[in-house]
Amino acid sequence: MTRESWHTRLGFILAAVGSAVGLGNIWRFPWMTADNGGSAFLVVYLAIILLVGVPGLLAEFVIGRRSQRNPAGALYRLSSGSKSWGAVGLFGVVTGVVLLSFYSVVGGWILRYFLASATGSYFGEPGAYFDAIAFGPEAVGFHVGFLALTALIVVGGVRDGIEKATKVMMPAIVVLLVALAGWAISQPGAGAGLSFYLDFDAGYLQENFFAVLGSAAGQALFTLSLGVGTMITYASYLGDDHNLAFDGSAIAVLNTGVGVLAGLVVFPLLFATFGELTGPAAGGGEGALFVGLAGAFSQVPFGRALAMAFFGVVVLAALSSSISMLEIPVAYLVDEHDVERRTATLALAGVVLFTGGANALNPGLFGFVAGTLVDLMLTAGLAGFLVFVGWVLGKDAVEEFSTGASPGVRALGPAWLWSVRTILPLFLLGTLAVNLLALAGIGL
Ligand code: PHE
């Protein structure tokens, strides 16, 4: 059986942007930004995207395209059958399942807010509403609904499922977000939100450098879908004619653009409604986006329609990411164990039904998985991939990097390999250490 592949170059780019753009941009990014000093966080985050994110993305692309395999099969084969490297790849496959187990719960919340926007049932008491629906049997129900939508697309396969779906979703997301941002910025009082978000605050950064660095790094990996093997898997469906560096930069720019755009919706709206970051929105936590924006939508004309538009966008963005999480273990079963795509998808959805259900019933578990565990797994995972590319693939990696690239880009190959070998894994291991220390209660 021939392996699947993308139909068009744009199809691949949009699918990868679809994976990158998701709850990470719209739900996690404003929350992290609000918790970490606004503009100070934004600056560090953008720097990490550029200096660590883009080279890291290219490392995953190189592994995927060269091996034409899922992460576990890719590292195993490219290392000529090393079981230990295979295990590093398998760690990514497992991370995909862990990610989906919390992501699908949040996806369920979004689905519920989208439906509830029609009647505005959460407008009266936004805080109490979120507390009532976030965890419990109903949350399990919505998680299952979101998971079913995810599985439905993945069963369709690479071209007819993922590529077709993301080609419609991505333009829709951008158009709706631009319209919403224009509206949010024009609200009276929105200016304070803009300056919180965009005026650089050097003092804050100086005082909280390590905390800002740790969360900005975790967020940068999460938003670019790095450290799991999603980008390995997506690039494994690529041919040699692609300029990986060009595609990678386009993906990073588009993803960052949508993230910044989401901030232009969320912050002006929060400040226009509350005058400052107060209440639940200021305290951070997983409910910030929901409670803050629900409050805002309840106070403006056409609030229900605007809320439906907003949560509709978020459902699409979440789905185009969740499919990329499920695709990793599916590709693993299809490639390595000859399981049929449909069977693999159903079996894995069955597993996530339970692991996600546990998260939907237990707020403590959810918080740990969505925050700490994910940060640690992504950082460790990407460090593993980089060391692999830098030290095992070495010159072959530069060759793969150069295939399909323009001469200007090819000239960057050696510098890229050097960074992948040295400073980037060191940076990630440093971040991992800071995060582990924070977990042990030791702040720097
Ligand atoms: N990047 C996605 C988001 O921002 C999340 C994601 C992480 C998807 C890792 C796949 C792999 O929502």
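The values are calculated or read from the model by the stated rules, or taken from the named source; none is laboratory data. Keep in mind that this is a model prediction, so the values were computed, not measured. Ideal geometry is used to build each Cβ from the backbone, glycine not excepted, and the neighbour counts take in all protein chains shown. These area figures cover heavy atoms from the full protein model, side chains too; ligands, DNA and RNA do not enter into them. Shrake-Rupley method; radii C 1.70, N 1.55, O 1.52, S 1.80 Å.
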Among the residues of the stretch 363-388, write down those that are under 21 Å from Ile133 (Cβ atoms) and open to solvent by less than 10 Å² (accessible area, probe 1.4 Å). Phe366, Ala370
Does Ser215 qualify as being among the small types (Gly, Ala, Ser), modelled with pLDDT under 85 and within 16 Å of the ligand (Cβ to nearest atom)? yes
Would it be correct to say that Gln187 is outside any helix (DSSP H, G or I) and in contact (Cβ under 8 Å) with a residue 12 or more places away in the chain? yes
So, of the residues in the stretch 179-228 that are among the aliphatic types (A, V, I, L, M) and touching a Pro at 6+ places or on another chain (Cβ under 7 Å), which turns out to be nearest to Leu437 (Cα to Cα)? Leu194
Please tell me if Gly24 is in a helix (DSSP H, G or I), within 16 Å of the ligand (Cβ to nearest atom), open to solvent by less than 10 Å² (accessible area, probe 1.4 Å) and closer than 20 Å to Gly161 by Cα. no
So, in the stretch 45-80, of the ones that are among the β-branched types (Val, Ile, Thr) and open to solvent by less than 20 Å² (accessible area, probe 1.4 Å), which residue ends up nearest to Val409 (Cα to Cα)? Val62
Quick count over the stretch 136-188, residues being within 20 Å of the chain's Cα centre (by Cα) and of a type in the set (Asp, Glu), is 1
Which residues, counting only those in the stretch 81-93, are in contact with a Leu (Cβ under 6 Å, 6 or more places away or on another chain) and either of a type in the set (Ser, Thr, Tyr) or crowded, with 22+ Cβ neighbours inside 10 Å (or both)? Val88, Gly89
Of the residues in the stretch 422-444, how many are part of a loop (DSSP other than H, G, I, E, B) and either among the hydroxyl-bearing types (Ser, Thr, Tyr) or at pLDDT 95 or above (or both)? 1
Output the qualifying pairs, or none if there are none: Cβ atoms under 6 angstrom, residues six or more apart or on different chains, first residue in the stretch 301-322 and away from the ligand (no atom under 12 Å from the Cβ), second residue outside any helix (DSSP H, G or I). Arg304/Gly120
Is it true that some residue in the stretch 183-201 is of a type outside the set (Lys, Arg), open to solvent by 40 Å² or more (accessible area, probe 1.4 Å) and at positive phi? yes
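Within the bounds of the stretch 7-14, is there any residue that is crowded, with 24+ Cβ neighbours inside 10 Å, closer than 29 Å to Pro363 by Cβ and within 16 Å of the ligand (Cβ to nearest atom)?
Scanning the stretch 7-14 turns up no residue that is crowded, with 24+ Cβ neighbours inside 10 Å, closer than 29 Å to Pro363 by Cβ and within 16 Å of the ligand (Cβ to nearest atom).
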Ala360 versus (1) open to solvent by 10 Å² or more (accessible area, probe 1.4 Å); (2) more than 27 Å from Ser80 (Cα to Cα); (3) modelled with pLDDT of 95 or more: which is the lone unmet condition? (1)
Of everything in the stretch 331-354, what is closer than 28 Å to Phe135 by Cβ and either within 16 Å of the ligand (Cβ to nearest atom) or buried (at least 19 other Cβ atoms within 10 Å of the Cβ) (or both)? Give them in sequence order. Thr345, Leu348, Ala349, Val352
Starting from residues that are open to solvent by less than 20 Å² (accessible area, probe 1.4 Å), assigned to a loop (DSSP other than H, G, I, E, B) and away from the ligand (no atom under 11 Å from the Cβ), keep the ones in the stretch 222-242 and report whichever is farthest from Trp6 (Cα to Cα). His242
